[in-house]
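Rule-based calculations on the coordinates, nothing more; no lab input. None of these values were measured; they are calculated from a predicted model. We place every Cβ from the backbone using ideal geometry, glycine too, and count neighbours over all the protein chains shown.
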Amino acid sequence: IDKIEMISRPADIWLLKFNHAEIEERNLLLAVQQAPTVLVAQYNHTVKLRDMPDDLRFGEQWQYDNTGQTGGTIDADIDAVEAWDVTTGGTTLAGDTIVVAVLDNGIDVNHPDFQRNRWYNHAEIPGNGIDDDNNGYVDDYRGWSTVSNNDNIMGGSHGTAVSGIVGADGDNAMGVTGVNWYVKVMHIRNNFNTNEAKVLEAYSYAWEQRLAYNSSGGSEGAFVVATNNSFGQTGVRCSQQPVWGAMYDEMGAVGVLSSAGVTNQSFDVDEIGDMPADCTSDYLLISCNTDEDDNLYQSSAYGAVAVDIGSPGEGSVTAKAGNSYGFFGGNSAATPHVTGAIALLYASSCEGLEEAAISKPAETALFVREMIMQSGDQVAALQNRTATG
């Protein structure tokens, strides 16, 4: 021992310093713990400022911690900083890697703020023309594209911005952070001006990955907890789209929640109809777009029955294509904040949640959805405009 230093007189706490090259720290700790005059002993761990990311533009991301820094209302945010005191995402307590499937127009695969959090199918050997993991998709190493039927997920600014909100690499001293500092974002490229068959195909990829995960006990597939989409149909009822609508219950049965936004038009979707907002699946979360003052954004739809919750989106700051960053808005920006919160909850310290997610995936998904529904702030502008207010 090089030095013994008292650091707390009333608690009789002492700091031991030693040469790590000469003494194995584990053996020393065991020896100190077994000393008859010692009640308890531990390593001297490092600490830092409580889970505030060092991303350079985090201060602009009012949607996580609104201090009025951009002129908005203080605390008109998703309380991300408070959540990050519990977890910053990535894995469950048991070590399961949490995955979010983003159905969008692709992502800038070269963006520096996505190099840690992009999902890869490591059971697939890229580019060999073989379905190595026998999941029905050939060379789906980077994800899947329903546009080109391969893993070419390279796309435009929209998908990059959405993915940035869900899970841009956090605390990496650059750019922005996502709701999750650590999470795996599975990209399923599915362009917006398409048809329902392509929508069902895109959802099915995420569904099959989670189904394989459940059935194999986690050795295959992916632990997909949520999907995120920004597409839909205005003035349409779910009863007119029974195949599409049924997908949400099917995915929910294996533990996948679906997060989607309403249209960017100012009307009551309960009266007019909107897909998928009109669907009544318990595994679907529908959000509308709010601004930095907790107001319903002027071009966002709403509905006291169909819309579950409001979420900050308009004027949020996120990653953009071309290795850039900037403002993003619409319900496309609101929805991934909800999706990101779902993933963050799975990384929480709720004991037994990770086991239940495998043994009772549907029930666990409903539990997580209910936590989202119950944990929002009551906002005057959303009274009688969302199911939760």
Self-check item: Proximal charge balance of N19 [Cβ under 13 Å; K/R count +1, D/E count -1]
Solution: -2
Quiz item: Nearest 20 debye, what's the magnitude of the dipole of the chain about its Cα centre given +1 on Lys and Arg Cβ and -1 on Asp and Glu Cβ?
Solution: 400 debye
Practice problem: Per residue of the stretch 304-313, in order, report the coupling 6.51 cos²θ - 1.76 cosθ + 1.60 (Karplus, θ = phi - 60°) as ³J(HN,Hα) in whole Hz, putting x for Gly and Pro. | Solution: 5, 10, 6, 9, 7, 7, x, 8, x, x
Quiz item: Taking the highest mean first, how do the peptides 22-32, 92-102, 222-232, 71-81 order by number of other beta carbon atoms within 10 angstrom per residue?
Solution: 222-232, 92-102, 71-81, 22-32
Practice problem: Take peptides 200-207, 375-382, 156-163 and line them up by average Cβ neighbours within 10 Å, highest first, as a rough protection proxy. | Solution: 156-163, 200-207, 375-382
Quiz item: Under a Cβ-Cβ limit of 4.7 Å, which cysteines in the chain have nobody to pair with?
Solution: C288, C350
Exercise. Please give the helix 196-215 orientation as an angle from the longest Cα principal axis of the chain, in degrees from 0 to 90, rounded to the nearest 10.
Key: 30 degrees
Quiz prompt | Per residue convex hull volume, Cα atoms of the stretch 257-389, in Å³ | solution = 118 Å³
Quiz item: Residues with amide H under 5 Å of D293's amide H, sequence separation 5 or more or different chain, H placed in the peptide plane at 1.01 Å from N; which?
Solution: T73
Quiz item: Which of these, W14, W181, W84, has the largest mean-square fluctuation under a Gaussian network model of the chain (Cα springs below 10 Å)?
Solution: W14
Quiz item: By how many degrees, 0 to 90 and rounded to 10, does the Cα axis of helix 331-346 deviate from the longest principal axis of the chain?
Solution: 40 degrees
Quiz item: Do the sum for the chain: with -39,500 (n - 2.57) for every DSSP H run of n ≥ 4, divided by all residues, what is the mean residue ellipticity at 222 nm, to the nearest 500 deg cm²/dmol?
Solution: -7500 deg cm²/dmol
Quiz item: So for the stretch 1-160, taking the charge dipole from beta-carbon charges (+1 Lys/Arg, -1 Asp/Glu), which of T146, I78, Q33 sits furthest toward the positive end?
Solution: Q33
Quiz item: What per residue convex hull volume, in Å³, comes out for the chain when only alpha-carbon positions are used?
Solution: 174 Å³
Practice problem: Label the stretch 136-236 by shape, choosing from rounded, prolate and oblate, from the square roots a ≥ b ≥ c of the eigenvalues of the Cα gyration tensor; if a/c is under 1.5 it is rounded, and otherwise prolate applies when a/b is larger than b/c, oblate when it is not. | Solution: oblate
Exercise. Could you let me know the centre-to-centre spacing of the stretch 102-164 and the stretch 3-73, using Cα atoms, in angstrom?
Key: 38 Å
Practice problem: Distance between Cα centroids, the stretch 356-378 to the stretch 229-292: provide it in whole Å. | Solution: 18 Å
